[in-house]
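*Asks:* Please find one structure pasted underneath; my questions will follow.
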Amino acid sequence: MEMDNGKYYRSITETLGLRAVGALVVALIVFVLTNRLALAISVGALSLIAKTILYCLHEKIWTLIDSRKGKPNRSGAKEEMF
């Protein structure tokens, strides 16, 4: 199962947009609670980076688990454990 470039780029754009909105919400909450803009921006940026890294690690772990079970990967190709 292969995703065409248009759908791939749309998916990436939607993901980045959602991640940016999430970071803005975090920054806004921190600003409302502390009234410190620099702190709010720092926490929002840290949230963006941390969640992106954790999501990538999460995906890698599940890909590893699936490959050890011999399940098809996202491209539809079956990966054998040995």
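*Asks:* Among the candidates Ala20, Ala77, single out the residue that is modelled with pLDDT of 85 or more and of a type in the set (A, V, I, L, M, F, W, C).
*Replies:* On the way: Ala77 fails: modelled with pLDDT of 85 or more.
Answer to the check: Ala20.
*Asks:* Output the residues belonging to the range 29-60 that are in contact (Cβ under 8 Å) with a residue 24 or more places away in the chain and of a type outside the set (S, T, N, Q).
*Replies:* Going through the range 29-60, the residues in contact (Cβ under 8 Å) with a residue 24 or more places away in the chain turn out to be 47-48, 51-52.
Once the filter is applied, which keeps residues that are in contact (Cβ under 8 Å) with a residue 24 or more places away in the chain and of a type outside the set (S, T, N, Q), the range 29-60 yields Leu48, Lys51.
*Asks:* Something else about it: For the subset of the range 32-74 comprising residues that are among the polar types (S, T, N, Q) and farther than 24 Å from Asp4 by Cβ, which member is modelled with the lowest pLDDT?
*Replies:* Initial filter on the range 32-74 (among the polar types (S, T, N, Q)): 34-35, 42, 47, 52, 63, 67, 73.
From what is left, the residues that are farther than 24 Å from Asp4 by Cβ are 34-35, 42, 47, 52, 67.
Values: Thr34: 98, Asn35: 98, Ser42: 97, Ser47: 94, Thr52: 86, Ser67: 83.
By that ranking, first place goes to Ser67.
The values are calculated or read from the model by the stated rules, or taken from the named source; none is laboratory data. Note that this is a predicted model, so its numbers are computed, not measured. No Cβ is skipped: glycine too gets one built from the backbone with ideal geometry, and neighbour counts run over all protein chains shown.
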